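Below: one structure, written as structure tokens.
The values are calculated or read from the model by the stated rules, or taken from the named source; none is laboratory data. In this text, all values refer to a predicted model and were calculated from it rather than measured experimentally. Neighbour counts are summed over all protein chains in view; Cβ atoms, including those assigned to glycine, are modelled from backbone coordinates with ideal geometry.
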Amino acid sequence: MRIGNKVWHVLAAALGLLGPAVSGAAARAEPVDVELVLAVDVSSSVDWTEFGLQMRGIAAAFREPDLHATLREGRHGAIAVVLVQWAGPAMQQVVVDWQRIGDAAAAERFANAIDATSRSFPTGGTAIAEALDFVAPLFDGNGFEGDRRVVDISGDGRATAGTAPGAARDRIVARGVTVNGLAILNDEPDLVDYYEGELIGGQAAFVQPASDYADFADALRAKLLREVRGGWYGAGRLDAGDIHVAGRATAVR
């Protein structure tokens, strides 16, 4: 019985130490202006030249002095970013994990990591819904607490695999995440309309068009600046406001 009591006391002490450690870890989440998921279409509709233009365009955007200056304007002076490649229904991968970017040096490290990535999926359809479901939990336990959470889906076509994206979009918006789109129009000139109706959602959601892959870098840079600045609602997470769902604005009560 004495042995049992000793074991119990040891366990109780261990649990007592564990509780503060767990709560302390949660409390140490680093504040940032936005937690941003960059989710890039690398499906079979994207050839190798186009894939290279996407990766180089993203890296170049993070090397832009305009972005570095915009970072300093935020309430926390930093963002957190992760890069995901996606294609078919079971084809999603984090290729550059979450990093805090608050100055030119950190942005350069992120750009260098992008330069070092390879293509995860050279084949596969365009499964937008499954990409959204994959990225939704990436915000949980990532070590950051953003005033806003944004997913940036870039692609050159409609969903051709998996389920329709509308329900997945609504699920992630219900978690307080804004979904924006970068529509590359060389194959589907009406892709902006599709993205507005089926993809984007959340506070101040928008679609940034790129006329083709050669225009991707400029479009991505403009989109990043808008996302970092926070659109029309400025710094701070909103508890209520306009939510853009399925191509229309609806009020949240």
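A few remarks follow.
- Selected residue (criterion: modelled with the lowest pLDDT) from residues of the range 186-235 that are within 17 Å of the chain's Cα centre (by Cα) and in a loop (DSSP other than H, G, I, E, B): GLY230
- Selected residue (only one of ALA107, ALA69, ALA111 is farther than 18 Å from ASN180 by Cα, in contact with a His (Cβ under 9 Å, 6 or more places away or on another chain) and either part of a helix (DSSP H, G or I) or among the aromatic types (Phe, Trp, Tyr) (or both)): ALA107
- Hits in the range 113-140 - residues which are under 21 Å from TRP98 (Cβ atoms) and either of a type in the set (S, T, N, Q) or modelled with pLDDT under 95 (or both): THR117, SER118, SER120
- Looking across the range 159-179 at every residue that is in contact with a Gly (Cβ under 8 Å, 6 or more places away or on another chain) and of a type in the set (S, T, N, Q), the one that is surrounded by the fewest Cβ atoms within 10 Å (Cβ to Cβ) is identified as THR160.
- Among the residues making up the range 180-190, a single one is among the hydrophobic types (A, V, I, L, M, F, W, C) and surrounded by fewer than 23 Cβ atoms within 10 Å (Cβ to Cβ): LEU185.
- Scanning the range 195-207 for residues that are closer than 21 Å to GLN54 by Cα and surrounded by fewer than 21 Cβ atoms within 10 Å (Cβ to Cβ) returns PHE206, VAL207.
- Condition check for LEU182: in contact (Cβ under 8 Å) with a residue 40 or more places away in the chain, over 19 Å from LEU224 (Cβ atoms), touching a strand residue (DSSP E or B) at 6+ places or on another chain (Cβ under 8 Å) and not in a loop (DSSP other than H, G, I, E, B): no
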